[in-house]
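A.B. asks: Could you have a look at this structure, given as structure tokens, before my questions?
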Amino acid sequence: MAKTPLILGIDPGTQILGYAILQGGPKPTLITMDVLKLTKEKDIYARLQLIHAKIIELIETYHPEHFAIEAPFFGKNIQSMLKLGRAQGVAIAAAMQFKLPVTEYAPKKVKQAITGNGNADKEMIWKMLERILAIKKQPKYYDATDALGVALCHHYQLTGIQLPATKVVKGKKSSKKTNSWEAFLTKNPGRLKK
């Protein structure tokens, strides 16, 4: 049986960085997910060093074959965007140090892959991850579940699993059963855990 890849998923941040390790395969499995809290450290450069060290620690501990990270979304606060970009860059540099293939995913792409809705909120993403991966306990921070969502999105990209397209008719979702979650789950019963 072929070895299934381990994926390190990252939700970058300069205050809280989310991370998750996901075991791929026909039934993906959560290995670990948590956050690195950086709020006690006031110096931004010290925070970046902590991010770099944490990514290296995760890679040396779990030996993932893939690195997936959420791309920064474009907001109105330029300073926040610059800080987020730095955190992302440091995390990517750590992965590249180990020659891991790096893949970025836009937040909408992750939401679409996990829930079928590119505008899903964090609670909806958590509920789908809880069901898909049979997770027993919700983490304290959504940054951890966001990182897991990125890892699962990457797993779906690697395996070619795609959610059914949702047709939009005059600004409203189509009610055709062929594009519904029920139809998707009927075709893919292994994706839902009870």
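A.B. asks: Here is the link list: Lys54/Lys140; Lys83/Lys111; Lys83/Lys136. Which ones come out longer than 26 Å on Cα distance?
C.D. replies: Exceeds cut-off: Lys83/Lys136.
A.B. asks: Could you tell me which trypsin sites (Lys or Arg not before Pro) in segment 54-141 are loop residues by DSSP with no more than 11 other beta carbons within 10 angstrom of their beta carbon?
C.D. replies: Those that pass, being in a loop and sparsely packed, are Lys76, Lys99, Lys136, Lys137, Lys140.
A.B. asks: Looking only at segment 36-64, which residues have a backbone nitrogen under 11 Å from a spot 7 Å from the Cα of Gln97 in the C-beta direction?
C.D. replies: 49-60
A.B. asks: I'm checking a number: the convex hull volume of the Cα atoms of segment 6-163, normalised per residue, in Å³. What is it?
C.D. replies: Spelled out: Cα convex hull of segment 6-163, divided by residues, is 104 Å³.
A.B. asks: Continuing with the same structure: Could you give the Stokes-Einstein D for segment 21-82 in µm² per second, using the C-alpha Kirkwood radius, 4 °C, 1.567 mPa s? Please report the intermediate quantities before stating the final value.
C.D. replies: Details: Rh = 14.3 Å.
Estimated via Stokes-Einstein, D reaches 91 µm²/s.
A.B. asks: When the Kirkwood radius is taken over all Cα pairs of segment 59-126, what Stokes-Einstein diffusion coefficient follows at 37 °C and 0.692 mPa s, in µm²/s?
C.D. replies: My calculation gives 243 µm²/s for D.
A.B. asks: Return the loop-located GluC sites (Glu not before Pro) in segment 24-86 (DSSP other than H, G, I, E, B) with at most 15 other Cβ atoms within 10 Å of their own Cβ; answer none if there are none. It would help to have the intermediate numbers written out before the result.
C.D. replies: Numbers: sites: Glu41, Glu57, Glu60, Glu65, Glu70; in loops: Glu41, Glu65.
The qualifying sites are Glu41, Glu65.
Computed from the coordinates by the stated procedures, all read-outs in this text should not be read as laboratory data. Keep in mind that what you see is a predicted model, and the values were worked out from it rather than measured. When we count neighbours, we look across all protein chains shown, and the Cβ atoms used for this are built from the backbone with ideal geometry, even at glycine.
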